[in-house]
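The next block holds one structure in the form of C-alpha cells; read it before the comments.
The values are calculated or read from the model by the stated rules, or taken from the named source; none is laboratory data. Everything numeric here is computed off the predicted structure, so don't read it as measured data. Cβ atoms come from the backbone with ideal geometry, glycine included; neighbour counts cover every protein chain shown. Note: areas computed on protein heavy atoms with side chains; ligands, DNA, RNA excluded. Shrake-Rupley method; radii C 1.70, N 1.55, O 1.52, S 1.80 Å.
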Amino acid sequence: MAQSHLGEVDAVQEFIGFATNPAPLLVAQYERIAREEMQGLPFYHATMPIVAECVLFEAQWLGCVLTPWMLSVVVLPGPDQRWPVRSSSDRLALQLPCGNMTFMVGDLPETGQQLACSLMSPLDPHLGAEQGRSLVSSTLKMLLSLPVQQGAGGVDLGRRRLFGARRGQPA
C-alpha cells in the first residue's frame with residue numbers, strides 16, 4: 001500500500017484523517033495531474049483555474065474542486081477519523097443537507113482515498129474563470145443548505161414547481 005498525506009496505512013487497512021484543511025493539497029495534486037496528464041485532451045479548458053474549497057461537516061472534510069476538465073464534490077476524512085481502505089470505484093450514498101448524493105471511491109497519491117461525485121465533466125466551454133471560482137463557493141454553500149420542500153399551507157415549492165412558475169406556467 002502506498003503512503004499518503006493521510007498517514008500510514010496501518011495493519012487494519014485504515015487511512016488517518018486530515019488534521020487541517022486539505023484544499024491546498026487537492027489543488028497541488030490536480031495541478032500536477034493537469035500538467036502531466038490532461039493538457040493535451042480536447043475537452044481541457046486551458047483558461048480555467050484549479051480551485052478547491054473544503055469545510056468540516058460532521059467531522060469530515062466536504063469540498064468542491066474545480067479543474068480545467070471537471071467540477072466535483074469531494075469528501076475526505078476529518079481530524080481524528082480513520083477510514084477503512086475501500087476498493088476504487090466503490091459507490092457510497094451519503095446524505096447531505098441538500099439531499100442524497102452518490103460518491104465513488106477514488107485514490108490519488110497526495111490525498112489517498114477520497115469520495116468524489118462529479119457535477120460537471122467536461123466543463124462548459126463558455127464558463128469563464130471568475131464564474132468557475134464563484135461556482136466552487138456557491139456549490140459548497142448549496143451542499144450545506146436544506147432543500148426547499150414545502151411552503152406554508154402545503155404549497156409545493158420544489159425546484160420544478162418554482163421554475164415552472166417563473167416561466168409563467170401555472171403553479
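One table, with the values for the structure above:
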read-out	value
Charge context of PRO49, other residues only, Cβ under 13 angstrom, K/R +1, D/E -1	-2
Mean Cβ neighbour count within 10 Å, used as a protection proxy, ranking 128-134, 65-71 highest first	65-71, 128-134
Gain on full stretching of the segment that runs from GLU58 to ASP107 - 0.36 nm per residue minus C-alpha separation	15.5 nm
Per residue, in Å², the accessible surface of the stretch 19-100 once ligands and nucleic acids are set aside, probe 1.4 Å	49 Å²
Ranked order, TYR30, TYR44 - accessible area, probe 1.4 Å, largest first	TYR44, TYR30
